[in-house]
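K.L.:
First the structure, which I've put down as structure tokens, then a few questions once you've had a look.
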Amino acid sequence: MAQKKLDKHLKEGAPNVIVITVLDGAQGPMEFDFYALPETIQNKLGPFGLSHKLGDSAAGKKGSEAEEAITKVFAGLMGNDWSVRAPAAPKVSTKTITDNLGTLSSEEQAAAMAVLKKLGINIPGLTAPDEPDEDLGA
């Protein structure tokens, strides 16, 4: 995972003040007071922030799944819950595949490994695909 370039948080005791510290910066923590901005800018930032928050909830999703994520986050905001999140899409790990292969009969294991090989998915120590494998999000 890439290292964060910024640390951003609300100032303790002053939720209208954003504190930003830039990694390897020379200024140290910089403070920005939302209420010091002109009212016209404050009025534009509200819808911009809402659009960003709702859009982020749909990242990596399509169609009705994206709509459900947006609706869930908006309902949370209406209920005064800032941190509500739509569940992330499930990821498949090689450990999960390996563990579950062990629960199958020998015939099912052979069939499953044949499918994995045909899909080009390499499970170290179990399969050796004809083509390079893709990251399974482990």
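K.L.:
Can you pull out the residues in region 1-14 that are surrounded by fewer than 12 Cβ atoms within 10 Å (Cβ to Cβ) and of a type in the set (A, V, I, L, M)?
P.N.:
M1, A2, L6
K.L.:
Under 18 Å from the mean Cα position of the chain (by Cα), within 28 Å of L119 (Cβ to Cβ), not assigned by TED's automatic domain parsing to the domain that holds I123 and not basic (K, R) - does that describe any residue in region 37-56?
P.N.:
Taking region 37-56 first, the residues under 18 Å from the mean Cα position of the chain (by Cα) are 49-56.
Checking the rest, the ones that are also within 28 Å of L119 (Cβ to Cβ) come to none.
No, region 37-56 contains no residue that is under 18 Å from the mean Cα position of the chain (by Cα), within 28 Å of L119 (Cβ to Cβ), not assigned by TED's automatic domain parsing to the domain that holds I123 and not basic (K, R).
K.L.:
Let me ask you something else. Can you name the residue in region 6-33 that is among the polar types (S, T, N, Q) and in contact (Cβ under 8 Å) with a residue 12 or more places away in the chain and, of all such residues, is farthest from W82 (Cα to Cα)? Outline the logic, then answer.
P.N.:
Pass one, region 6-33, residues among the polar types (S, T, N, Q): 16, 21, 27.
Filter once more, so that each one left must be in contact (Cβ under 8 Å) with a residue 12 or more places away in the chain: 16, 21.
Working: N16: 15, T21: 23 Å.
So, considering only residues that are among the polar types (S, T, N, Q) and in contact (Cβ under 8 Å) with a residue 12 or more places away in the chain, the one farthest from W82 (Cα to Cα) is T21.
K.L.:
Still on this model: So which residues in region 15-30 are touching a strand residue (DSSP E or B) at 6+ places or on another chain (Cβ under 8 Å) and within 17 Å of Q42 (Cβ to Cβ)?
P.N.:
Let us first name the residues in region 15-30 that are touching a strand residue (DSSP E or B) at 6+ places or on another chain (Cβ under 8 Å), namely 16-23, 28-30.
Within region 15-30, N16, V17, I18 meet the criteria.
K.L.:
Of the residues K53, K61, K44, which is part of a loop (DSSP other than H, G, I, E, B), within 28 Å of K5 (Cα to Cα) and among the basic types (K, R)? Even if it seems obvious, please write down each step before you answer.
P.N.:
Working: K53 fails: part of a loop (DSSP other than H, G, I, E, B); K44 fails: part of a loop (DSSP other than H, G, I, E, B).
Answer to the check: K61.
K.L.:
For region 36-90, enumerate the residues that are among the hydroxyl-bearing types (S, T, Y) and under 23 Å from A14 (Cβ atoms). Quick ask: steps written out before the conclusion?
P.N.:
Step one: filter region 36-90 for residues among the hydroxyl-bearing types (S, T, Y), giving 40, 51, 57, 64, 71, 83.
Those that are among the hydroxyl-bearing types (S, T, Y) and under 23 Å from A14 (Cβ atoms): T40, S83.
K.L.:
Looking only at residues in region 15-41 that are of a type in the set (F, W, Y) and in a helix (DSSP H, G or I), which one is surrounded by the fewest Cβ atoms within 10 Å (Cβ to Cβ)?
P.N.:
Pass one, region 15-41, residues of a type in the set (F, W, Y): 32, 34-35.
Applying the additional criterion that residues be in a helix (DSSP H, G or I) yields 34-35.
Numbers: F34: 15, Y35: 9.
If we take residues in region 15-41 being of a type in the set (F, W, Y) and in a helix (DSSP H, G or I), then Y35 is surrounded by the fewest Cβ atoms within 10 Å (Cβ to Cβ).
K.L.:
Kindly list the number of the only condition in (1) of a type in the set (D, E, K, R); (2) in contact with a helix residue (DSSP H, G or I) (Cβ under 9 Å, 6 or more places away or on another chain); (3) touching a residue at least 24 places away in the same chain (Cβ under 8 Å) that fails for K72.
P.N.:
With (1) of a type in the set (D, E, K, R); (2) in contact with a helix residue (DSSP H, G or I) (Cβ under 9 Å, 6 or more places away or on another chain); (3) touching a residue at least 24 places away in the same chain (Cβ under 8 Å) applied to K72, the lone miss is (3).
K.L.:
Quick one: in region 60-86, which of the residues that are among the β-branched types (V, I, T) and in contact with a Lys or Arg (Cβ under 7 Å, 6 or more places away or on another chain) is nearest to L50 (Cα to Cα)? Talk me through it step by step, then tell me what you get.
P.N.:
Going residue by residue through region 60-86, those that are among the β-branched types (V, I, T) are 70-71, 73, 84.
Still in the running and in contact with a Lys or Arg (Cβ under 7 Å, 6 or more places away or on another chain): 73, 84.
On the way: V73: 10, V84: 14 Å.
Step by step, filter region 60-86, then rank; the result is V73.
K.L.:
Please determine, by comparing only the residues of region 89-120 that are in contact (Cβ under 8 Å) with a residue 24 or more places away in the chain and outside any helix (DSSP H, G or I), which one is nearest to A58 (Cα to Cα). Can you show your working first?
P.N.:
Step one: list which residues in region 89-120 are in contact (Cβ under 8 Å) with a residue 24 or more places away in the chain, which gives 89, 91-95, 97-98, 101.
Okay, now just the ones that are also outside any helix (DSSP H, G or I), so 89, 91-93.
Working: A89: 11, K91: 16, V92: 20, S93: 23 Å.
So the residue we want is A89.
The values are calculated or read from the model by the stated rules, or taken from the named source; none is laboratory data. Since the model is a prediction, treat every value here as computed from it, not as a measurement. Note that each Cβ is placed from the backbone with ideal geometry, even for glycine, and that neighbours are counted across all protein chains shown.
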